[in-house]
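Notes for the one structure printed next.
The values are calculated or read from the model by the stated rules, or taken from the named source; none is laboratory data. Note that the coordinates shown come from a computational prediction; the quantities given were computed from them, not determined experimentally. Here the Cβ positions follow ideal geometry from the backbone for every residue, glycine too, while neighbour counts run over all protein chains shown. When the accessible area is computed, the model is the full protein with side chains, heavy atoms only, and any ligands, DNA or RNA have been set aside. Shrake-Rupley method; radii C 1.70, N 1.55, O 1.52, S 1.80 Å.
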Amino acid sequence: MAISQNILDKVNEWLTPTFDKDTQDTINKMISSAPIELEESFYKNLEFGTGGMRGIMGIGTNRINKYTLGKNTQGLSDYMHQVFPDKKLKVVIAFDCRHNSKSLAKVVADVFSANGIHVYLFSDLRPTPELSFALKHLGCQAGIVLTASHNPPEYNGYKVYWEDGGQLVPPQDAAIIKVIEDLNYNQIKFEANENLIEYIDKEVDDAFVASSIKHASFNTPQAAKDNLNIVFTSLHGTSIMSVPETLEKAGYTNVNIVPEQAKPDGDFPTVKSPNPEEPEALTMALALADKLSADIVVGTDPDCDRLGVAVRNNEGKMILLNGNQTMVLMTAFLLEKWKSAGKINGKQFIGSTIVSTPMLHELATGYGVECKVGLTGFKWIAKMINDFPNLEFIGGGEESFGYMVGDAVRDKDAVAATLLMCEFAATAKAAGSSVYKELLKLYVDFGFFKEYLVSLTKKGIEGLAEINQMMVEMRENPVKEIDGQRVVMVEDYKTSIAKNLLNGEEETMPIPKSDVLIYYTEDGAKIAARPSGTEPKIKFYVSVNAPLDSVENAPKVEAHLDDKIKKILQGLNII
């Protein structure tokens, strides 16, 4: 196979003395024995996506390694010196259970310290939400967490947080990326100043747990807590460091941890994917729940920012809730608690994203608060808190199993969210109800909304091209009818134009550009198409709804909505 000159130029740079001998030896072997792998490793530079930078670990510009992360860190260091010229600069670094996370975190710490920046480095793995909390708690200007969330074992990643505790948003992201791109690899300072690296653990842990309890617990009677039977799994990830302790200190005495999945392990040996969005990931937890007659199952992803929840339905069978359902339940619970405490006065808001359930708007209207919607990713919800300082943030979430309670953590947070779900479940059970029954009551009050997600994986160079072509075709040949219903509105977030197809009127949407298309039909269905910012996937989100006059009629209405979703997907040739 002939290697293109563009790739050879990059490869030759990595064969210079700037790079260590092991790196050069590996590249020379790839040139002769693995040219396709070499092309995949160098055909582009890793890019910042929705959740920072993620990629396969290995040699090359399109891989996670000490040089790509070192270049990012050098650029971030240079940028921090530019924008904070008179401050004593501080950063905090955390890492998860993945292979090489600890050693890569030390490389990142070395580069920061070599640039005269004080580094707080967690001594062991910690949840991503604790990094966000620690950044503000320690008064840092930036923070880094080494994680690839729920991606496969061969991946790792690099998330950057700014001084508000949220991930990078415009204009900082583009400015930092430009500084990084203008750097040469030989400008990276790898020689650590160990005097500037300070290891942290228990003091920050205790403060983080206390903050989680403050924001996500509501004086639930101890008897109700004792009576809730919980099964929890960390799926071999970092949540084992924080969730059990948080539940214990909040008063939950009946927490059963899945033992086979309690030890952190970057190979995730008991699951196909450590992603609580995937039903298979909670198989062992559900089996333990049936054995122990548990009321609720909670499982978190490796860096503990997402949670999957299962509860018992009206027949006593454990069922998995989707991310939209858990978001609706937690938001409704928070709103009810705020209302009963007399804290809602019209100056509060909840946050969501453009591909999440529209039911959040109905909840907001019902409780007299605003619902603000942003692009996918919690950095946009964190930005809302900064952009609207006159409004109090209650909580917010997105369909991909993430939730944020209050503003102490400015990212999705499975620690506080797990506690919040347990508070909800304990309260419902003590009142003779259940989480599932309360969900049905919400459908009666606000409409039965049901969502479905289809993810198509397209790996490698060809996969990326295929995803891009699918989006091009949907723009050039827009759908005019779905399941016999006219499309009445198309929102194209790449052009920021919302077009009414009935009268031809166009409106500019006041939201940052993103490669997302959303169709709305005349009967209220919503269909979104979006390439993933963190995985080689294109995702299709379907939301449908119908009135529900009574809890008893829920099965009939749900069957109707399921059929409607199926017909929409068939009509779009997605399944």
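Reported to the nearest whole Å, the Cα centre-to-centre distance from region 488-531 to region 262-299 is 37.
Checking the cross-link pairs LYS339/LYS412; LYS202/LYS291; LYS10/LYS189 against a 29 Å limit on the alpha carbon distance flags LYS202/LYS291 as lying beyond it. Quick one: grab the alpha carbon gyration tensor of region 90-159, order the square roots of its eigenvalues as a ≥ b ≥ c, and give me rounded if a/c is under 1.5, else prolate or oblate depending on whether a/b is larger than b/c. Here region 90-159 falls in the oblate category. For the chain, the per residue solvent-accessible surface stands at 40 Å², with DNA, RNA and ligands left out and a 1.4 Å probe. How many angstrom lie between the Cα centre of region 183-200 and the Cα centre of region 376-417? When both Cα centres are located, 32 Å separates them. Relative to the current alpha-carbon distance between ARG486 and HIS361, full extension at 0.36 nm per residue lengthens the span by 42.7 nm. Given +1 at the Cβ of Lys and Arg, -1 at the Cβ of Asp and Glu and no other charges, the dipole of region 172-218 around its Cα centre is 200 debye to the nearest 20. Of all DSSP-defined beta bridges confined to the chain, some 65% are antiparallel rather than parallel. Would you work out which of SER242, ALA341, GLY323 lies farthest towards the positive end of the dipole of the chain? Charges go on Cβ: Lys and Arg +1, Asp and Glu -1. Highest projection toward the positive end goes to ALA341.
Does region 61-110 come out rounded, prolate or oblate, given a ≥ b ≥ c as the square roots of the eigenvalues of its C-alpha gyration tensor, rounded meaning a/c under 1.5 and, failing that, prolate meaning a/b above b/c? Oblate is the answer for region 61-110, as a/c is 1.5 or above yet b/c matches or exceeds a/b.
Under the classification rounded if a/c is under 1.5, otherwise prolate if a/b is larger than b/c and oblate if not, where does region 350-408 fall, given a ≥ b ≥ c as square roots of the Cα gyration tensor eigenvalues? Oblate is the answer for region 350-408, as a/c is 1.5 or above yet b/c matches or exceeds a/b. In a simple Cβ point-charge model (Lys, Arg +1; Asp, Glu -1; nothing else charged), the chain has a dipole of about 400 debye relative to its Cα centre. A simple rule links phi to the HN-Hα coupling: the Karplus curve 6.51 cos²θ - 1.76 cosθ + 1.60 with θ = phi - 60°, which for region 192-202 gives 5, 9, 4, 5, 9, 9, 10, 7, 10, 6, 4 Hz, with x for Gly and Pro. Residue by residue, region 395-400 carries 3J(HN,Hα) couplings of x, x, x, 9, 5, 8 Hz when phi is fed to the Karplus relation 6.51 cos²θ - 1.76 cosθ + 1.60 (θ = phi - 60°); x denotes Gly or Pro.
Selection among GLY55, PHE122, PRO35 by position relative to the dipole of region 1-125 gives PHE122 as farthest towards the positive end (Cβ unit charges, Cα centre). Over all Cα atoms in region 148-264, the spread is summed up by Rg and Dmax: 20.1, 62 Å. Model label points for LEU183 and LEU501, set 7 angstrom from Cα along the Cα-to-Cβ axis, are 4.7 nm apart. From its DSSP helices (H runs of at least four residues, each -39,500 (n - 2.57)), the chain gives a residue-normalised ellipticity at 222 nm of -12000 deg cm²/dmol. Counting 0.36 nm for each residue step from ASP201 to GLU522 and taking away their Cα separation leaves a gain of 110.1 nm. Given a Förster distance of 45 angstrom, what is the FRET efficiency for LYS459 paired with ASN314, based on the Cβ-Cβ distance and rounded to 0.05? After rounding, the FRET efficiency stands at 0.65. Solvent-accessible area of the chain (1.4 angstrom probe, protein heavy atoms only): carbon and sulfur portion equals 50 percent.
For region 34-106, the list of GluC sites (Glu not before Pro) that fall in a loop by DSSP and count at most 16 other C-beta atoms within 10 angstrom reads GLU47.
Please compare each pair in LYS225/LYS337; LYS225/LYS249; LYS526/LYS566; LYS90/LYS214; LYS539/LYS567; LYS44/LYS458 to a cut-off of 23 Å on the Cα-Cα distance and tell me which ones are over it. Long pairs (Cα-Cα over 23 Å): LYS90/LYS214. Given a Förster radius of 22 Å and the C-beta distance between GLU473 and GLN570 as r, what FRET efficiency does 1/(1 + (r/R0)^6) yield to the nearest 0.05? Efficiency computed from Cβ-Cβ geometry: 0.80.
Mean sequence separation of contacting Cα pairs (under 8 Å, at least six apart), scaled by the length of the chain, corresponds to a relative contact order of 12 percent. Highest mean first, the peptides 463-476, 118-131 sorted by other C-beta atoms within 10 Å per residue fall in the order 118-131, 463-476. Can you work out D for the chain in µm² s⁻¹ from Stokes-Einstein, where Rh is the Kirkwood radius over C-alpha pairs, the temperature is 10 °C and the viscosity is 1.306 mPa s? Approximately 64 µm²/s, per Stokes-Einstein.
Using the alpha-carbon centroid of each, what span in Å lies between region 135-178 and region 65-112? The two parts, judged by their Cα centres, are 10 Å apart. Expressed to the nearest 5 percent, the antiparallel share of DSSP beta bridges inside region 116-262 is 45 percent. Under Stokes-Einstein, with the Kirkwood radius over Cα pairs as Rh, the value for region 1-88 at 4 °C and 1.567 mPa s is 90 µm²/s. Based on C-alpha pairs under 8 angstrom that are at least 6 apart in sequence, region 73-162 has a relative contact order of 34 percent.
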